[in-house]
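The values are calculated or read from the model by the stated rules, or taken from the named source; none is laboratory data. Note that the structure is a prediction, hence the values are computed from the model and not measured. Counting neighbours? That spans all protein chains shown, and the Cβs are built from the backbone with ideal geometry, glycine included.
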Amino acid sequence: MANGTEVRRVDRVVIRFAGDSGDGMQLTGDRFTSETASFGNDLSTLPNFPAEIRAPAGTLPGVSSFQLHFADHDILTPGDAPNVLVAMNPAALKANIADVPRGAEIIVNTDEFTKRPMAKVGYATSPLEDGSLDAYRVHGVPLTTLTVEALKDFGLSRKEAERSKNMFALGLLSWMYHRPTENTEKFLRQKFAKKPDIAEANIVAFRAGWNFGETTEDFAVSYEVAPATKAFPAGVYRNISGNLALSYGLIAAARQADLPLYLGSYPITPASDILHELSRHKNFGVRTFQAEDEIAGIGAALGAAFGGALGVTTTSGPGVALKSETIGLAVSLELPLLIVDIQRGGPSTGLPTKTEQADLLQAMYGRNGEAPVPIVAPRTAADCFDATLEAARIALTYRTPVFVLSDGYLANGSEPWRVPHPDELPDLRTRFATAPNHTLADGTEVFWPYKRDPQTLARPWAVPGTPGLEHRIGGIEKQDGTGNISYDPANHDHMVRTRQAKIDGIAVPDLEVDDPTGTARTLVLGWGSTYGPITAAVRRLRAQGTAIAQAHLRHLNPFPANLEEVLARYERVVVPEMNLGQLATLIRARYLVDARSHTQVNGMPFKAEQLAEVLQEAIDD
Amino acid sequence: MTEALSLIPRAEAALAARDFKSDQEVRWCPGCGDYAVLAAVQGFMPELGLARENIVFVSGIGCSSRFPYYMNTYGMHSIHGRAPAIATGLASSRRDLSVWVVTGDGDALSIGGNHLIHALRRNVNLKILLFNNRIYGLTKGQYSPTSEVGKITKSTPMGSLDAPFNPVSLALGAEATFVARTIDSDRKHLTEVLRQAADHPGTALVEIYQNCNIFNDGAFDALKDQEQAREAVIRLEHGRPIRFGTDDTKGVTRNPDTGDLEVITVTPDNEHRVLTHDAHATSPTTAFALSRLADPDTLHHTPIGVFRDTTRPVYDTLMADQLEAAVEQHGKADLGALLTGTDSWTVTPSR
């Protein structure tokens with residue numbers, strides 16, 4: 001370094017950018033993530049923002065943050081606590097300081113620490129001067145002034161120039177952590193292609209931030225985090241968020257099934273990005289229909305499925321509630337359909353931008369009558385791709401609606417993903433019925449829409465336009481085989497049990513148990529997005545010499561066939577969930593296992609350290 | 001061949017009404033107006049010359065919604081009010097299909113009102129047959145959104161309180177491109193309206209006045225009785241003066257002061273003031289005024305026929321065009337390139 005700065009090597013870092021909703025913290029975090037991904041670190045991110053688009057400026061509810069954990073080895077979570085907090089204003093400092101451990105670095109924009117903004121969040125004296133931050137290494141930087149100064153030749157108004165202060169901060173952090181910068185400059189040129197002045201101003205602010213770090217003596221140390229070479233098998237990688245991976249999973253599933261993709265959806269946080277993404281790829285034959293409401297979204301998807309498309313609807317919990325009747329119809333019609341639920345805090349409108357896993361029982365049981373629906377839950381952001389392909393396989397093979405249960409944490413968080421070659425993807429091709437499938441006593445060949453495949457119990461998918469197979473289906477109970485309306489009691493009993501048997505009989509892979517010593521007496525069982533924190537907690541325990549077994553469910557309905565046997569192997573089963581114990585309830589009911597529930601519903605993912613303590617207590621109990 | 005039908009495969013051989021009868025026993029109440037509509041539709045379908053397997057009937061819930069079971073075509077009997085949404089997905093993904101929606105006043109205007117108006121504004125290639133009997137039949141006789149105010153029913157023993165919808169007015173307000181009204185018992189008129197609806201590119205709404213002889217018998221008698229009908233029914237025909245009554249002595253004219261429509265007795269002096277029906281008019285104003293002409297209680301001066309038949313781009317066509325345009329702009333789908341993106345890096349095998 002030019003000024004003789006010390007360079008310190010560290011194995012991992014957690015940075016949190018925090019500012020006002022309008023300060024561009026998500027963009028700043030995204031860019032730092034991209035730089036980090038292309039540098040070759042393993043990483044995991046946690047965007048955290050309010051539901052309001054622009055909450056009142058400078059207030060605590062208006063604080064938006066982005067946390068990034070990156071390392072020279074493989075990591076599983078966005079990190080429990082930041083090593084560095086970037087606070088763009090007093091509100092950001094106040095909202096986040098409790099999460100910052102003593103000794104951590106805090107970079108604050110001193111320009112904002114004036115009387116009014118501080119008073120707005122209840123600082124009677126300046127925390128920068130009253131000693132309350134003595135336990136931290138605080139860097140006061142006049143980010144706004146420096147940015148405006150750097151851009152003085154651009155002829156921008158002060159307000160316009162101030163907007164680039166996030167890029168100044170990004171430049172400073174990029175210097176501190178030796179991040180590559182070319183892609184950020186390229187990105188800014190593309191983003192502001194129509195406003196080259198603004199692009200240049202942002203780039204100048206970005207470089208000024210970098211240069212500031214390099215020249216000022218306040219920053220005596222910079223850090224190197226080596227690429228995580230061992231964490232990544234050979235291949236092509238990119239950074240990907242859960243919603244993007246899920247969108248690509250849908251496009252890939254349709255291609256692998258050789259069916260057109262039809263998305264019927266209504267905008268809802270945090271699922272809307274899937275609608276946005278799919279609507280950009282019409283050249284893949286993707287039809288996206290923004291419906292008048294949630295019900296019409298799934299209705300259109302089901303109509304398209306009747307016509308032979310891979311029908312999909314995307315939503316969050318409140319939307320699932322509205323779609324319930326149509327999901328029941330899909331169960332009765334026995335047509336393939338994907339229902340993507342990006343879970344958020346509930347009940348009702350709840351916490352639209354925060355994460356939760358509390359829709360499991362809604363997905364499992366939230367319909368009238370006996371209406372079983374398979375459930376697949378991705379475990380990481382990148383896994384949203386594979387889980388979606390798996391859900392499509394089940395839907396197409398068994399002619400059934402299938403839930404994909406993701407959540408806000410997976411949806412918006414990101415991590416490196418080894419990009420699969422299209423040839424590696426599963427073959428999802430399915431057959432439409434083309435000819436009569438039944439012979440009547442008098443020798444007449446007819447088509448019976450509910451004559452099932454003896455193996456899978458799936459019924460034939462005969463799409464309109466196929467001559468000779470004209471048939472009618474509906475939500476009224478139908479006679480087995482013929483599909484004609486039937487109110488016969490014995491037939492209804494048979495049909496209810498058959499629909500259940502079809503779902504129960506779905507072939508799903510056995511549950512894998514990670515129990516390296518084979519001596520563990522406690523099993524931690526999770527599902528969905530808790531995979532990262534649970535695995536990180538398990539690693540901590542094992543590093544201390546504690547034996548613990550871990551298993552993570554991807555299939556929630558049906559459960560893997562060996563689940564009962566796995567549960568029986570352990571003295572104790574602990575089930576951590578971001579709800580009040582929904583999987584634990586299912587496990588206890590189904591297998592009579594005294595599963596211990598550990599729950600958290602604060603809108604945030606588990607922290608590995610706390611979870612490790614909980615597991616240790618369970619083991620010691 | 002019109003745009004509405006041009007993409008649908010033709011039947012190889014001529015079909016007859018019996019080809020459209022399914023093997024299911026029809027289970028409406030004896031004397032129900034639905035029988036007449038079913039017979040008219042089955043009788044009219046062969047005329048279209050379409051391949052039977054490319055015709056789909058989608059319905060919601062209610063007496064009329066059993067319709068698809070009786071048609072030997074593809075069909076779906078769905079859930080209450082949702083047929084337009086389901087049919088939208090089908091029609092917008094399969095332009096080679098002729099998609100018909102069968103619904104009722106409760107199904108389309110109460111629980112499914114939202115889907116109906118949005119289907120109409122989008123102009124999806126759907127033909128919607130709205131059986132209006134001004135009562136809930138399948139749930140046994142509660143008042144419906146088209147029942148007259150003060151209707152005494154099981155759920156309104158002291159009379160209903162809410163003002164009814166006028167389905168034609170509603171459809172016109174929802175930007176419908178084709179709106180018509182006909183009567184179950186007038187097979188000739190019903191068939192002619194169906195013919196024009198089938199020919200229409202985009203959403204066609206056909207309100208069919210249909211008698212429920214169990215729970216609302218005689219609701220449309222004023223329009224059916226030979227004597228009364230002559231004075232009560234106004235038959236709209238595009239390009240023809242709007243005249244009715246014995247010897248066409250009555251006519252519809254615009255009041256120059258209010259702009260409203262009114263009925264006059266035609267004389268040589270005022271004959272020139274009688275409106276000529278223009279279903280193709282760009283503005284829906286006159287069609288809307290016609291829809292308000294009838295007395296909601298006595299049904300006197302009820303226009304039937306095609307109120308509006310105009311052309312606007314069809315949703316399914318626009319959707320398909322965007323798919324083609326996307327291929328022109330971005331090239332054909334390349335999954336590998338999509339997955340790799342523009343910000344990827346390569347990890348080489350470590351030695």
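Side notes on the structure shown:
- Residue within the range B:97-110 that is facing chain A (nearest Cβ under 9 Å) and out of contact with any Ser or Thr (no Cβ under 6 Å at 6 or more places or on another chain) present: yes
- Of the strands (runs of 3 or more DSSP E) lying entirely inside the range A:6-102, the ones with 1 or more residues being touching a helix residue (DSSP H, G or I) at 6+ places or on another chain (Cβ under 9 Å) and away from every other protein chain (no Cβ under 14 Å) are found at A:12-20, A:42-48, A:63-71, A:84-87.
- Residue within the range A:167-184 that is closer than 23 Å to A:Gln67 by Cβ, among the β-branched types (Val, Ile, Thr) and assigned to a helix (DSSP H, G or I) present: yes
- Within the range A:416-462, being under 30 Å from A:His69 (Cβ atoms), assigned to a loop (DSSP other than H, G, I, E, B) and of a type in the set (A, V, I, L, M, F, W, C) holds for A:Val419, A:Leu425.
- Set side by side, the residues A:Leu156, A:Leu151, A:Leu146, A:Leu133 differ, and just one is crowded, with 17+ Cβ neighbours inside 10 Å, assigned by TED's automatic domain parsing to the domain that holds A:Gly103 and either in contact with a strand residue (DSSP E or B) (Cβ under 6 Å, 6 or more places away or on another chain) or modelled with pLDDT under 95 (or both), which is A:Leu156.
- Of the criteria (1) under 18 Å from B:Ala176 (Cα atoms); (2) in contact with a Gly (Cβ under 9 Å, 6 or more places away or on another chain), which one B:Thr286 fails: (2)
- Yes/no for A:Asp23 being buried (at least 24 other Cβ atoms within 10 Å of the Cβ) and assigned by TED's automatic domain parsing to the domain that holds A:Trp210: yes
- Sole residue being within 14 Å of chain A (Cβ to nearest Cβ), surrounded by fewer than 24 Cβ atoms within 10 Å (Cβ to Cβ) and not in a helix (DSSP H, G or I), chosen from B:Asp23, B:Asp19: B:Asp23
- Which listed residue, of B:Glu47, B:Glu12, is more than 10 Å from every other protein chain (Cβ to nearest Cβ), in contact (Cβ under 8 Å) with a residue 12 or more places away in the chain and surrounded by fewer than 23 Cβ atoms within 10 Å (Cβ to Cβ): B:Glu47
- Of all residues assigned to the range B:79-98, none qualifies as being over 12 Å from the mean Cα position of the chain (by Cα), in contact (Cβ under 8 Å) with a residue 40 or more places away in the chain, under 20 Å from B:Ile304 (Cβ atoms) and crowded, with 24+ Cβ neighbours inside 10 Å.
- Selection within the range B:72-90 - of a type in the set (A, V, I, L, M) and more than 8 Å from chain A (Cβ to nearest Cβ): B:Ala83
- Considering residues of the range A:436-481 that are touching a helix residue (DSSP H, G or I) at 6+ places or on another chain (Cβ under 9 Å) and of a type in the set (Ser, Thr, Tyr) only, the residue nearest to B:Leu90 (Cα to Cα): A:Thr466
- Residues being aliphatic (A, V, I, L, M), within 14 Å of chain B (Cβ to nearest Cβ) and either more than 25 Å from A:Asp386 (Cα to Cα) or surrounded by fewer than 18 Cβ atoms within 10 Å (Cβ to Cβ) (or both) - total across the range A:426-467: 6
- Filtered by the rule that a residue be in contact (Cβ under 8 Å) with a residue 60 or more places away in the chain and assigned to a loop (DSSP other than H, G, I, E, B), the range A:548-571 gives A:Ile548, A:Arg554, A:Pro558.
- Residues of the range A:485-527 satisfying the condition of being outside any loop (DSSP other than H, G, I, E, B) and surrounded by 19 or more Cβ atoms within 10 Å (Cβ to Cβ): A:Met495, A:Arg499, A:Lys502, A:Ile503, A:Thr522, A:Leu523, A:Val524, A:Leu525, A:Gly526, A:Trp527
- Selection from the range B:312-340 of residues that are in contact (Cβ under 8 Å) with a residue 60 or more places away in the chain and either closer than 30 Å to B:Arg134 by Cα or among the basic types (Lys, Arg) (or both): B:Arg312
- Complete set of residues in the range B:291-330 that are touching a helix residue (DSSP H, G or I) at 6+ places or on another chain (Cβ under 8 Å), closer than 30 Å to B:Thr253 by Cα and of a type outside the set (D, E, K, R): B:Ser291, B:Thr298, B:Leu299, B:His300, B:His301, B:Thr302, B:Pro303, B:Ile304, B:Gly305, B:Val306, B:Phe307
- Residue ID - farthest from A:Arg431 (Cα to Cα), chosen from residues in the range A:259-280 that are among the hydroxyl-bearing types (Ser, Thr, Tyr) and more than 15 Å from the chain's Cα centre (by Cα): A:Tyr266
- Single unsatisfied condition, A:Phe187 versus (1) modelled with pLDDT of 95 or more; (2) within 14 Å of chain B (Cβ to nearest Cβ): (1)
- B:Glu324 being within 14 Å of chain A (Cβ to nearest Cβ), outside any strand (DSSP E or B) and exposed (fewer than 11 other Cβ atoms within 10 Å of the Cβ): no
- Filtered residues of the range A:572-613 (kept if assigned to a helix (DSSP H, G or I), in contact (Cβ under 8 Å) with a residue 60 or more places away in the chain and surrounded by fewer than 17 Cβ atoms within 10 Å (Cβ to Cβ)): A:Glu609, A:Gln610
- Residues being surrounded by 12 or more Cβ atoms within 10 Å (Cβ to Cβ) and over 14 Å from B:Leu290 (Cα atoms) - total across the range B:241-260: 4
- The listed residue being in contact with a strand residue (DSSP E or B) (Cβ under 6 Å, 6 or more places away or on another chain) and assigned by TED's automatic domain parsing to the domain that holds A:Gly308, out of A:Ser247, A:Ser265: A:Ser265
- Within the range A:240-271, being touching a residue at least 60 places away in the same chain (Cβ under 8 Å) and in a strand (DSSP E or B) holds for A:Ile240, A:Ser241.
- In the set (1) small (Gly, Ala, Ser); (2) within 19 Å of B:Leu190 (Cα to Cα); (3) touching a helix residue (DSSP H, G or I) at 6+ places or on another chain (Cβ under 9 Å); (4) more than 10 Å from chain A (Cβ to nearest Cβ), the condition left unmet by B:Ser65 is number (4).
- Here B:Arg273, B:Arg292 are screened, and the one residue that is in contact (Cβ under 8 Å) with a residue 12 or more places away in the chain and within 20 Å of the chain's Cα centre (by Cα) is B:Arg292.
- Tally of residues being without any contact (Cβ under 8 Å) to a residue 40 or more places away in the chain, part of a helix (DSSP H, G or I) and among the charged types (D, E, K, R) across the range A:272-297: 3
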